[in-house]
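Shown next, in structure tokens, is the structure this report addresses.
The values are calculated or read from the model by the stated rules, or taken from the named source; none is laboratory data. What you see is a predicted model, and the numbers here were worked out from it, not measured in a lab. Note: areas computed on protein heavy atoms with side chains; ligands, DNA, RNA excluded. Shrake-Rupley method; radii C 1.70, N 1.55, O 1.52, S 1.80 Å.
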Amino acid sequence: YEENDGVFMWNVPSVQGTNDACKIKLVDRDRPGWFDISDQNFTIADTVIFDFDISFEQNEDLEQWDFGSWQVNSESGFHGANSIQTSSDGGTITSPSFVINEGFLRFFVFSDFHYSNTHLRLRVYENESLILSDNIYGSVLNDEIWTLVEYYLEAGTYVFEWRFDRWTNTSEYVRIDAISFP
């Protein structure tokens, strides 16, 4: 039984080569006739390659970003030597306006969350209207392991905001790296 908490972690089956005809089928355990199958195929590949738009390395143009209390961290990066980190409650990063294609916003998170109300919040704005707000809790992330976070977005012009809210008087922190825009 899987409680509907908006998250389901599963081990991807091992494949040889690439399988681009995958679908997911969900079946009600008590009523096998109740099921749904994903509309589109997706790919499981033995190697996933991402192009990263922002990795917080030295030669990137980040002048239009507002990093607030976030700072470049050279201790740990998912891609390259650097990531961006904060331990400040309410620490917020705001991107410049981006025109993106339809697809997945992807980024990697490294966390030190120990309390249930500590989280990283992603907000996405289109024409100054909030269209997405999601809290990423430590239970979703693997503590102190880089974890991929993805959000599907339609094509459009967006501003992205990441905000770290932590339990008072703790030493928790969060790092972000390897942001990919569709």
**Message:** On a 1.4 Å probe surface of the protein chains, which of Trp162, Trp65, Trp146 comes out largest in accessible area, and what is the full order?
**Reply:** Trp146, Trp65, Trp162
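Just reorder Leu62, Leu130 by solvent-accessible area, largest first, 1.4 Å probe, all chains present. Mind dumping the intermediate values first?
Details: Leu62 35, Leu130 95 Å².
Result, largest first: Leu130, Leu62.
Can you sort Arg175, Arg29, Arg121 by 1.4 Å-probe accessible area, starting with the largest? Before the final figure, lay out each step's value.
On the way: Arg175 15, Arg29 175, Arg121 45 Å².
From most accessible down to least: Arg29, Arg121, Arg175.
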**Fill in**
The answer for Ile131, listing residues at least 5 apart or on another chain whose modeled amide H is closer than 5 Å to its amide H, is Val124, Tyr125, Glu126
